[in-house]
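Asker: Right, I'll just put the structure down here and ask away after.
The values are calculated or read from the model by the stated rules, or taken from the named source; none is laboratory data. Since the model is a prediction, treat every value here as computed from it, not as a measurement. Using ideal geometry, Cβ is built from the backbone for each residue, glycine included, and neighbour counts are taken over all protein chains shown. Just so you know, the surface numbers come from the protein's heavy atoms only, side chains and all, with ligands and any DNA or RNA stripped out. Shrake-Rupley method; radii C 1.70, N 1.55, O 1.52, S 1.80 Å.
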Amino acid sequence: MPIDQIAATFIANSLSLNLEKTKKVLSLLIDEDCTVPFISRYRKENTGGMDEVQVGNILAGYNNYIEIEKRRTYISETIKGLEKLTKELEHKIARASTLNELEDLYAPYKSKRKTKGVFAIEAGLQALAEIVKKTDLSIKELMKREGAKFINKEKKFESIEDIMEGVKAIISDEIIHNTEIKDVLRKDFWREALLHSEKKKNSEKIKEFEKFKDYFNFEQKIKELRLAKASHRFLAMRRGMLLKVLKVKVVYNEESALKTITKRTFELQKLGCAEFISECIKKAYTSSIYPSLDLEIKSELKKLSDKSAIDVFGINLKNLLLQPYLGQKAVLGIDPGVRTGCKVAVIDKNGTFLIDIVIYPHKPRNDIDSSKNAIENCLSEFNINHIAVGNGTFGRETLEFLKKHVNQVKSGKVKAMLVNEDGASIYSASEIARKEFPDKDLTVRGAISIARRFQDPLGELVKIDPKSIGVGQYQHDVNQPQLKKSLTSVVENCVNYVGVDLNTASAPLLSYISGVGPSLAENIVKFRTKASGFKNRNELLKVSRFTAKIFEQSAGF
């Protein structure tokens with residue numbers, strides 16, 4: 001089976017998609033180097049009408065497949081280099097379908113600190129361990145008969161007690177490295193285990209202590225926490241754990257786990273050393289298997305919670321970017337302030353900045369009349385019918401001032417409303433803002449951004465780091481590269497869904513067009529400025545580094 005067929009089968013199965021359609025999408029993505037927006041818009045006949053989310057999931061599935069295959073190759077080659085790659089192990093590695101399964105198989109061969117079991121084997125105790133696993137004698141009788149033969153003072157096994165501990169370590173290690181046992185317990189944990197959180201001792205001294213009071217004695221089934229609707233709970237518990245307010249652990253019935261291990265290893269009723277072997281089983285579980293699964297499940301819950309939180313981010317961001325578009329109308333934007341006043345900026349119908357002023361309608365100045373006159377003059381002079389007020393500190397009070405005192409607003413001729421200003425301060429301090437308005441104060445840049453995002457939300461919000469727009473929770477807790485990748489994809493899909501005006505779009509907006517990117521967007525703007533605009537799309541081919549392939553991917557948007 002060729003590698004593309006294997007990849008397609010893996011992805012189709014994991015996403016429950018049609019195999020042939022998955023192969024066609026992969027071919028477009030990998031072989032033809034097409035972008036997700038281009039495929040979902042212009043290759044529907046190849047994909048069976050898949051949207052950008054489905055095509056994006058196939059791309060993510062392919063990247064996951066590549067990651068697993070790279071790890072599979074590394075593990076095989078490493079174990080082969082150690083001259084320990086048996087046919088059976090090679091077959092198991094080839095069949096493993098997840099990273100967890102691969103890591104379980106690789107665990108015994110990792111370079112690490114030697115265990116007591118390894119030292120015991122080096123001291124020659126493996127033969128005695130094999131006897132323990134089969135003998136009819138009790139451990140006491142066996143040690144009395146055979147134990148002295150295995151004393152090795154050079155290797156620091158100097159007494160019968162040392163010998164017994166060494167044998168216990170050997171048998172425990174064998175159980176720990178039994179991948180079948182761990183896989184069965186893994187499934188049992190996900191099906192039946194609970195996640196328990198409690199207050200850590202002396203955590204009252206920590207500043208954020210009170211924020212986590214709902215989790216001071218909290219318990220929920222892991223299978224419920226893995227659902228999207230409960231993901232915020234795990235992220236909250238994890239934050240409390242990182243701040244050392246909470247202790248979080250997986251809870252599973254130990255007796256049930258020991259029975260599971262025993263069932264798959266030894267028939268204790270037939271063994272003379274049954275009690276001793278039970279101790280080995282318990283040691284393997286408590287010292288390694290349980291801690292390993294506890295850590296693995298928390299890590300997996302983190303990934304699942306991250307995905308759920310990031311999905312919510314994406315949905316909220318899409319709704320924000322695609323909110324109603326005012327269009328080519330002049331707007332007056334206000335960045336509310338108290339002591340330093342409200343910064344006012346006016347933009348024309350094309351988003352071009354015209355003027356800025358400062359008004360002081362609030363305490364301590366309460367300069368109502370001057371503020372009223374200044375706003376009314378701007379509205380009249382620039383023929384403005386829309387005012388956008390940032391919804392931050394004193395936003396509502398500023399809106400109230402406009403409705404009470406500004407005649408054009410009172411009469412209904414001019415509409416004033418609050419606008420979400422999340423991220424405006426990030427934009428105002430950014431390199432993009434400095435390049436656009438090098439001689440303007442940060443707060444003036446913020447007022448311009450507020451006006452522009454009311455006029456054209458998508459065109460302005462693309463200039464801001466998506467996670468700074470305030471569209472989700474736990475943005476600092478989730479996987480940052482994944483968050484950035486996901487939100488960038490959302491922005492890209494939104495921009496390509498709406499399309500842009502080649503002669504007016506900013507470089508940040510153009511950079512999200514299929515196949516373009518930041519540096520090429522700058523080249524487009526430079527060419528546009530020099531040529532006084534594009535006469536037709538074919539002129540894009542005259543732009544430096546704008547290839548025929550990029551033209552194919554981008555021209556339709």
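Asker: Just one of (1) touching a helix residue (DSSP H, G or I) at 6+ places or on another chain (Cβ under 6 Å); (2) among the charged types (D, E, K, R); (3) buried (at least 16 other Cβ atoms within 10 Å of the Cβ) trips up residue 294, so point out which.
Answerer: All conditions pass for residue 294, except number (1).
Asker: Filter the range 460-476 down to residues that are farther than 23 Å from residue 431 by Cα, open to solvent by 30 Å² or more (accessible area, probe 1.4 Å) and not aromatic (Phe, Trp, Tyr), then give me how many there are. Show your work before the answer.
Answerer: Taking the range 460-476 as the starting set, the residues that turn out to be farther than 23 Å from residue 431 by Cα are 472-474.
The next check asks that each one be open to solvent by 30 Å² or more (accessible area, probe 1.4 Å); those that pass are 473-474.
Keeping just the survivors that are not aromatic (Phe, Trp, Tyr) gives 473.
Qualifying residue count, the range 460-476: 1.
Asker: If you don't mind, there's one more thing I want to ask. Quick test of your reading of the structure: residue 82 fulfils all but one of (1) touching a Phe, Trp or Tyr at 6+ places or on another chain (Cβ under 8 Å); (2) modelled with pLDDT under 90; (3) within 23 Å of residue 297 (Cβ to Cβ). Name the failing condition by number.
Answerer: In the conditions (1) touching a Phe, Trp or Tyr at 6+ places or on another chain (Cβ under 8 Å); (2) modelled with pLDDT under 90; (3) within 23 Å of residue 297 (Cβ to Cβ), residue 82 misses (3) alone.
Asker: Select from the range 354-395 the residues that are among the charged types (D, E, K, R) and touching a strand residue (DSSP E or B) at 6+ places or on another chain (Cβ under 7 Å) and list them in ascending order. Even if it seems obvious, please write down each step before you answer.
Answerer: If we filter the range 354-395 for residues that are among the charged types (D, E, K, R), which is where we start, we get 356, 363, 365, 367, 369, 372, 376, 381.
The answer is 356, and nothing else.
Asker: Residues of the range 406-462 being among the polar types (S, T, N, Q) and not in a helix (DSSP H, G or I), which ones?
Answerer: Result: 411, 420, 430.
Asker: Where residues in the range 431-459 are free of Cβ contacts under 8 Å to residues at least 60 places away in the same chain and buried (at least 20 other Cβ atoms within 10 Å of the Cβ), which of them is farthest from residue 385 (Cα to Cα)?
Answerer: So, considering only residues that are free of Cβ contacts under 8 Å to residues at least 60 places away in the same chain and buried (at least 20 other Cβ atoms within 10 Å of the Cβ), the one farthest from residue 385 (Cα to Cα) is 433.
Asker: While we're looking at this one, here's another question. Residue check: is residue 122 touching a Lys or Arg at 6+ places or on another chain (Cβ under 8 Å) and either modelled with pLDDT under 95 or open to solvent by 10 Å² or more (accessible area, probe 1.4 Å) (or both)?
Answerer: Values: touching a Lys or Arg at 6+ places or on another chain (Cβ under 8 Å): yes; either modelled with pLDDT under 95 or open to solvent by 10 Å² or more (accessible area, probe 1.4 Å) (or both): yes.
Yes, satisfied.
Asker: Given the structure, is residue 529 under 23 Å from the mean Cα position of the chain (by Cα), β-branched (Val, Ile, Thr), surrounded by fewer than 17 Cβ atoms within 10 Å (Cβ to Cβ) and not in a loop (DSSP other than H, G, I, E, B)? First the steps, then the outcome.
Answerer: Values: under 23 Å from the mean Cα position of the chain (by Cα): no; β-branched (Val, Ile, Thr): yes; surrounded by fewer than 17 Cβ atoms within 10 Å (Cβ to Cβ): yes; not in a loop (DSSP other than H, G, I, E, B): yes.
Here the answer is no, as residue 529 does not meet what is asked.
Asker: Still on this structure: Residues of the range 153-162 being open to solvent by less than 40 Å² (accessible area, probe 1.4 Å) and either free of Cβ contacts under 8 Å to residues at least 12 places away in the same chain or over 23 Å from residue 284 (Cα atoms) (or both), which ones? Please lay out each step first, then the result.
Answerer: Looking only at the range 153-162, we keep the residues that are open to solvent by less than 40 Å² (accessible area, probe 1.4 Å), and these are 157, 159.
Within the range 153-162, just 159 meets the criteria.
Asker: Shifting gears a bit: Working only within the range 487-499, note down all residues that are open to solvent by less than 40 Å² (accessible area, probe 1.4 Å) and out of contact with any Pro (no Cβ under 9 Å at 6 or more places or on another chain).
Answerer: 494, 499
Asker: Please find, within the range 535-557, the residue that is most open to solvent (accessible area, probe 1.4 Å) out of those that are over 18 Å from residue 32 (Cβ atoms) and among the hydrophobic types (A, V, I, L, M, F, W, C). Steps first, please.
Answerer: Of all residues in the range 535-557, those over 18 Å from residue 32 (Cβ atoms) come to 535-546.
Next, only the ones that are among the hydrophobic types (A, V, I, L, M, F, W, C) stay: 540-541, 543, 546.
Numbers: 540: 11, 541: 86, 543: 6, 546: 12 Å².
The residue in question is 541.
Asker: Quick one: is residue 491 under 28 Å from residue 232 (Cβ atoms) and touching an Asp or Glu at 6+ places or on another chain (Cβ under 9 Å)?
Answerer: Working: under 28 Å from residue 232 (Cβ atoms): yes; touching an Asp or Glu at 6+ places or on another chain (Cβ under 9 Å): no.
No.
Asker: Here are some residues: 96, 127. Which one is among the hydrophobic types (A, V, I, L, M, F, W, C) and surrounded by 18 or more Cβ atoms within 10 Å (Cβ to Cβ)? Working first, answer last.
Answerer: Numbers: 127 fails: surrounded by 18 or more Cβ atoms within 10 Å (Cβ to Cβ).
The conditions single out 96.
Asker: Can you pull out the residues in the range 128-148 that are touching a residue at least 12 places away in the same chain (Cβ under 8 Å) and either under 27 Å from residue 81 (Cβ atoms) or in a helix (DSSP H, G or I) (or both)? Steps first, please.
Answerer: At the first step, the residues of the range 128-148 found to be touching a residue at least 12 places away in the same chain (Cβ under 8 Å) are 128-129, 131-139, 141-143, 146-148.
Result: 128, 129, 131, 132, 139, 141, 142, 143, 146, 147, 148.
Asker: Need the failing condition index for residue 392 against (1) assigned to a loop (DSSP other than H, G, I, E, B); (2) open to solvent by less than 10 Å² (accessible area, probe 1.4 Å), just the number.
Answerer: Checking residue 392 against (1) assigned to a loop (DSSP other than H, G, I, E, B); (2) open to solvent by less than 10 Å² (accessible area, probe 1.4 Å), the one that fails is (2).
Asker: When you scan the range 163-274 for strands (runs of 3 or more DSSP E) that lie fully inside it, which ones turn up with 2 or more residues that are open to solvent by 30 Å² or more (accessible area, probe 1.4 Å) and under 30 Å from residue 149 (Cα atoms)?
Answerer: Numbers: elements: 194-199, 217-221, 246-251.
Fully inside the range 163-274 and qualifying: nothing.
Asker: Moving to a separate point now. In the range 6-22, which residue that is touching a residue at least 24 places away in the same chain (Cβ under 8 Å) and not in a helix (DSSP H, G or I) is most open to solvent (accessible area, probe 1.4 Å)?
Answerer: Among those that are touching a residue at least 24 places away in the same chain (Cβ under 8 Å) and not in a helix (DSSP H, G or I), it is 18.
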